[in-house]
1. Can you work out ³J(HN,Hα) from phi for every residue in region 20-27, in order, using Karplus 6.51 cos²θ - 1.76 cosθ + 1.60 and θ = phi - 60°, giving whole Hz and x for Gly and Pro?
2. What are the ³J(HN,Hα) couplings of region 7-15, residue after residue, when phi is run through the Karplus curve with 6.51, -1.76, 1.60 and θ = phi - 60°? Round to Hz, x for glycine and proline.
3. Over the chain, what lengths in whole Å, largest first, do the semi-axes of the equivalent ellipsoid take, defined as the square roots of 5 times the eigenvalues of the alpha-carbon gyration tensor?
4. With charges only on Cβ, +1 for K and R and -1 for D and E, what is the dipole size of the chain about its Cα centre, in debye, rounded to 20?
5. Mind giving me the FRET efficiency for residue 15 and residue 43? R0 is 30 Å, r the Cβ-Cβ distance, nearest 0.05 is fine.
6. Taking R0 as 25 Å, what's the FRET efficiency between residue 22 and residue 51 from their Cβ-Cβ distance, rounded to 0.05?
7. Using the alpha-carbon centroid of each, what span in Å lies between region 32-53 and region 5-29?
Amino acid sequence: MSRSNKEIKSAFQSARASLAVEGMTLSAKQEALVMDQLSGRMSEEAFVERALELSRHE
């Protein structure tokens, strides 16, 4: 199922707000990674691989 840009932005803003409530934030690299996956520019497998890589280096 394809998501519209508006739906993607709304979902991302909601997730960001949920993180903020818990006192957590995303780096610019993490935000870009999530947006790439949500918009379909990155497969779930590639997303998980890159997220694990980022978590080891940040």
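1. Result, ordered by residue: 4, 4, 8, x, 10, 9, 10, 6 Hz.
2. 5, 5, 4, 5, 4, 5, 5, 5, 5
3. Details: eigenvalues 69, 61, 11 Å².
Each semi-axis is the square root of five times an eigenvalue, giving 19, 17, 7 Å.
4. Numbers: 8 positive and 9 negative charges, 53 e Å.
Approximately 260 debye in magnitude.
5. Working: r = 19 Å, r/R0 = 0.65.
For R0 = 30 Å, the calculated efficiency reads 0.95.
6. Working: r = 18 Å, r/R0 = 0.71.
Efficiency for this residue pair is about 0.90.
7. 15
Rule-based calculations on the coordinates, nothing more; no lab input. All of these numbers come straight from a predicted model, not from anything done at the bench. Heads up, the Cβs are rebuilt from the backbone with ideal geometry, glycines too, and the neighbour counts pull from every protein chain shown.
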